[in-house]
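*Asks:* Encoded as C-alpha cells, here's the structure I'll be asking about.
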Amino acid sequence: MTRRTVAEHISRVTDLLHGLDSLPACDATLAEALGRVLAADVHSPVDLPPFRNSQMDGYAVDAASLAAGTTTLPVRATIAAGESAPSHIAGTAIKIMTGAPIPEGADCVVPVEDTTTADGQVTVLRSRAAGDFVREAGSDVHTGDLLLPAGVVLGPRHIAALAAVGLTSTRVRRRPRVAVITTGTELVEGGLPLGPGQIYDSNGITLASCARANGAEVDSIARSSDDPDTFRKLLTVATDYADVVLTSGGVSMGDFEVVRAVLEPLGGEFGHVAMQPGGPQGTTVVDGVPVLSFPGNPVSTLVSFEVFARPLLRKAAGLPPIVAEELPVVDAVTSPPGKRQFLRGRREGGQVKLVSGPGSHLVAGMAWADVLLDIPAEVTTLVAGSTVTVWAL
Ligand SMILES: Nc1nc2c(c(=O)[nH]1)N[C@H]1C(S)=C(S)[C@@H](COP(=O)(O)OP(=O)(O)OC[C@H]3O[C@@H](n4cnc5c(N)ncnc54)[C@H](O)[C@@H]3O)O[C@H]1N2
Ligand code: MOO
C-alpha cells in the first residue's frame with residue numbers, strides 16, 4: 001500500500017499519461033468540428049466577399065451622377081443576388097438586390113427607401129458618396145490571410161468563418177480516447193428494477209461525461225461484476241481501444257476488490273492518497289495503456305476525475321486549463337486534519353456556500369454544487385469570510 005499526497009499522485013498520473021501530449025492531428029468535417037481544437041493555422045483560400053456586392057436593396061449608380069437635391073435616372077435592368085451584373089452606364093441606374101454584384105462602373109448603392117419610381121425611372125432623393133453601401137471584395141478577409149489560428153476551440157462563429165470560405169473539413173487535434181469500466185456486482189443499468197442490495201450504476205456515464213466534457217472521445221463504457229475474469233476481458237477490450245482507461249470501484253480493503261485483484265499482479269500501484277473524497281487510488285499500465293483506478297463512491301469517482309484526469313485530458317485535447325478561483329466562504333467550514341478536502345459548494349454573489357455534506361455517497365447532493373472547495377490538509381477551520389480555493393465543476 002502506497003501513501004501519497006495529492007501532489008505526489010498528480011505527479012505519478014502525469015508521468016503515466018505523458019503519451020497523451022503527442023496525439024496526431026486528424027481531419028473533421030465542419031459538421032463534426034464543433035468543440036474540436038484547431039490543429040493548425042487556417043489561411044483563407046478565397047477573398048471574402050469574393051466579389052464587390054451590394055449591401056442594400058436599391059439602385060446601383062455612380063455618385064457623380066447624383067445632384068445634391070433629387071436626381072431622376074432611367075432604370076436599365078434589375079440584378080438579383082446570384083446573377084452577373086451588366087456594365088453600368090453613367091447617368092443611369094440598375095436596380096440591385098442585397099448581395100448582387102455591383103455593375104462595372106457603378107460606385108455606390110442608393111437604398112430603395114431613398115427613392116421613388118415612376119415610368120421606368122428612379123428619382124433619387126439625396127446625393128451619395130462613392131463606396132456607399134458597397135461591400136468590397138476581400139473587405140472581410142483576403143486570400144492567404146490568417147482566418148483562424150491553431151489552438152482555437154471551434155465554436156459556431158469559427159465554423160461560420162470556415163464555411164464562408166468554402167472549406168468543408170479542417171485539421172483538428174485528435175481527441176484522447178478514454179474507456180470506462182465500472183465494477184461491482186451490485187450495479188444495475190438504469191431503467192431496470194432494483195433487486196435486493198442493488199444500486200444503479202451512475203459512475204459509468206458520469207466518468208464518460210466527465211471525459212467528454214473535457215475533450216475526450218468515449219466509445220466504450222463497460223460494467224463488470226466482481227468476477228476477475230469478467231473484468232480482465234473488459235480490460236482487454238478497453239486497452240485495445242483507449243489511450244487511457246478509467247475504472248471505478250474495487251480498489252479498497254474489502255473481500256471483493258476486483259480491480260486491485262486483477263491489476264496488482266500486473267504491476268498496479270494501489271494505495272491511499274491523503275484526500276477526501278477520493279482516498280483509495282490505483283495506477284497501472286496494461287499493454288502500454290495507462291489505467292487510472294478511482295474509488296467507487298460516486299462523489300469520490302467524480303472528484304478523482306477532476307483532480308487527476310481532467311487537467312491532463314484537457315491538455316491532451318488542446319483545451320485551456322481550468323483555473324482555480326479564490327472566493328470567500330459564506331459560513332465557517334471545519335475540516336478534518338491530515339487530508340486535503342474537496343467539499344462541494346455553490347457560488348453565490350461572489351462568495352461560496354457549502355452544499356450537501358462531506359459523505360462521498362451523496363451523489364444527488366453533488367448535483368447542486370458548481371465548485372469544489374479545495375481545503376489544504378493542514379487547515380481545520382475556515383472562519384466565515386475567509387478565502388478558499390475553488391475549482392469549477
Ligand atoms: N476498511 C476500509 N474500508 C473502506 C476504506 C478504507 O480505507 N478502509 N475506504 C473507503 C473509501 S474512502 C472509499 S471511497 C471506498 C472505496 O471503495 P472501492 O473503490 O473499493 O469501491 P466499492 O467498494 O466498489 O464501492 C464503494 C461504494 O460506491 C458504490 N459504487 C461503486 N460503483 C458504483 C457505480 N458505478 N455507480 C454508483 N455507485 C457505485 C458502491 O455500491 C459502494 O457503496 O471504500 C471505503 N471503504
Ligand atoms: O475517500 Mo473515499 O473516496 O471517502 O469516499
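*Asks:* Treating only the Cβ atoms of Lys and Arg (+1) and Asp and Glu (-1) as charged, compute the dipole magnitude of the stretch 213-330 about its Cα centre; round to the nearest 20 debye.
*Replies:* 180 debye
*Asks:* Which FRET efficiency value, to the nearest 0.05, do you get for residue 27 and residue 98 by plugging their Cβ-Cβ distance into 1/(1 + (r/R0)^6) with R0 = 30 Å?
*Replies:* Computed FRET efficiency for residue 27 and residue 98 comes out at 0.30.
*Asks:* Provide the per residue accessible area, probe 1.4 Å, for the stretch 53-135, rounded to a whole number of square angstrom.
*Replies:* Ligands and nucleic acids excluded, the figure is 46 Å² per residue.
*Asks:* Moving on to the next point. I'd like the carbon and sulfur percentage of the solvent accessible area for the chain, probe radius 1.4 Å, heavy atoms only, ligands and nucleic acids excluded.
*Replies:* Exposed carbon and sulfur together represent 55 percent of the surface.
*Asks:* Right, something else. Per residue, how much accessible area does the stretch 250-393 have with a 1.4 Å probe, in Å²?
*Replies:* 42 Å²
*Asks:* Quickly work out the residue 145-to-residue 72 label distance, labels modelled 7 Å from Cα along the C-beta direction, and quote it in nm with one decimal.
*Replies:* In this crude spin-label approximation the distance works out to 4.3 nm.
*Asks:* Between residue 136 and residue 389, what FRET efficiency comes out of the Förster formula 1/(1 + (r/R0)^6) with R0 = 56 Å and r the beta carbon distance, rounded to 0.05?
*Replies:* FRET efficiency, residue 389 to residue 136: 0.60.
*Asks:* Using each residue's phi in the stretch 350-362, evaluate 6.51 cos²θ - 1.76 cosθ + 1.60 at θ = phi - 60° and report the 3J(HN,Hα) Karplus result to the nearest Hz, with x for Gly and Pro.
*Replies:* The phi angles translate into x, 10, 10, 10, 5, 10, 6, x, x, x, 7, 9, 7 Hz.
*Asks:* From Cα pairs below 8 angstrom and at least 6 apart in sequence, can you work out the relative contact order of the chain, rounded to a whole percent?
*Replies:* That works out to 16 percent.
*Asks:* Let me ask something else about it. Setting aside same-chain residues fewer than 8 positions from residue 353, which lysines have a Cα under 23 Å from its Cα?
*Replies:* 339
*Asks:* How far apart, in nm, are the 7 Å Cα→Cβ label points at residue 334 and residue 153?
*Replies:* 3.9 nm
*Asks:* Along the charge dipole of the stretch 325-392, Cβ charges K/R +1 and D/E -1, which of 361, 390, 333 sits furthest on the positive end?
*Replies:* Farthest towards the positive pole: 361.
*Asks:* Please name which of 208, 380, 28 has its Cα lying farthest along the dipole of the chain towards the positive end, using unit charges on Cβ (Lys, Arg +1; Asp, Glu -1) and the Cα centre as origin.
*Replies:* Looking along the dipole axis, the top candidate is 380.
*Asks:* Over the stretch 53-135, what is the relative contact order in percent, taking alpha-carbon pairs closer than 8 angstrom and at least six residues apart?
*Replies:* 43 percent
*Asks:* Continuing with this model, one more query. Could you give the size of the charge dipole of the stretch 35-165 about its Cα centre, using +1 on the Cβ of each K and R and -1 on the Cβ of each D and E, expressed in debye and rounded to the nearest 20?
*Replies:* Taking the Cα centre of the stretch 35-165 as origin, the dipole is about 200 debye.
*Asks:* To the nearest 0.05, how large is the calculated FRET efficiency for residue 164 and residue 368 if R₀ is 30 Å and r is the Cβ-Cβ distance?
*Replies:* 0.10
*Asks:* Please calculate the 1.4 Å probe accessible area of residue 346, with all protein chains present, and give it to the nearest 10 Å².
*Replies:* 90 Å²
*Asks:* Whose amide H sits under 5 Å from the amide H of residue 2, counting only residues 5 or more places off or on another chain, with H placed in the peptide plane?
*Replies:* 270, 271, 272
*Asks:* In nm, give the distance between the simple-model label positions of residue 43 and residue 118, each being 7 Å from the Cα along the Cα-to-Cβ direction.
*Replies:* 5.7 nm
*Asks:* Which of the lysines could a cross-linker bridge to residue 95, judged by Cα under 21 Å and excluding same-chain residues fewer than eight apart?
*Replies:* Of all the lysines, none pass the test against residue 95 - Cα under 21 Å, at least 8 places apart if same chain.
*Asks:* Would you calculate, for the chain, the mean residue ellipticity at 222 nm contributed by helices, counting each DSSP H stretch of 4 or more residues as -39,500 (n - 2.57) and dividing by all residues, to the nearest 500?
*Replies:* -5000 deg cm²/dmol
*Asks:* Next up: Can you find, among 275, 225, 249, the residue sitting farthest towards the positive end of the charge dipole of the stretch 215-296, where Lys and Arg contribute +1 and Asp and Glu -1 at Cβ?
*Replies:* 275
*Asks:* Still on this model: Would you pull out the residues with amide H under 5 Å of residue 182's amide H, same chain only if 5 or more places away, H placed 1.01 Å from N?
*Replies:* Residues meeting the amide H criterion: 222, 223, 224, 248.
*Asks:* A follow-up question, please. If N is the number of residues in the chain, what value comes out of its Cα radius of gyration divided by 2.2 N^0.38 Å?
*Replies:* 1.47
*Asks:* Report residue 373's accessible area, 1.4 Å probe, all protein chains in place, as a number in Å² to the nearest 10.
*Replies:* 0 Å²
*Asks:* For residue 129 and residue 63 in the same chain, what is the full-extension length gain: residue separation times 0.36 nm, less their Cα-Cα distance, in nm?
*Replies:* 23.2 nm
*Asks:* In a GNM of the chain with a 10 Å cut-off on Cα contacts, which of 198, 121, 351 has the highest mean-square fluctuation?
*Replies:* Taking springs between Cα atoms under 10 Å, the residue moving most is 121.
The values are calculated or read from the model by the stated rules, or taken from the named source; none is laboratory data. In this text, all values refer to a predicted model and were calculated from it rather than measured experimentally. In this analysis, Cβ positions are derived from the backbone assuming ideal geometry, glycine residues included, and neighbour counts consider all displayed protein chains. Surface areas here come from the heavy atoms of the whole protein model, side chains and all, with no ligands, DNA or RNA. Shrake-Rupley method; radii C 1.70, N 1.55, O 1.52, S 1.80 Å.
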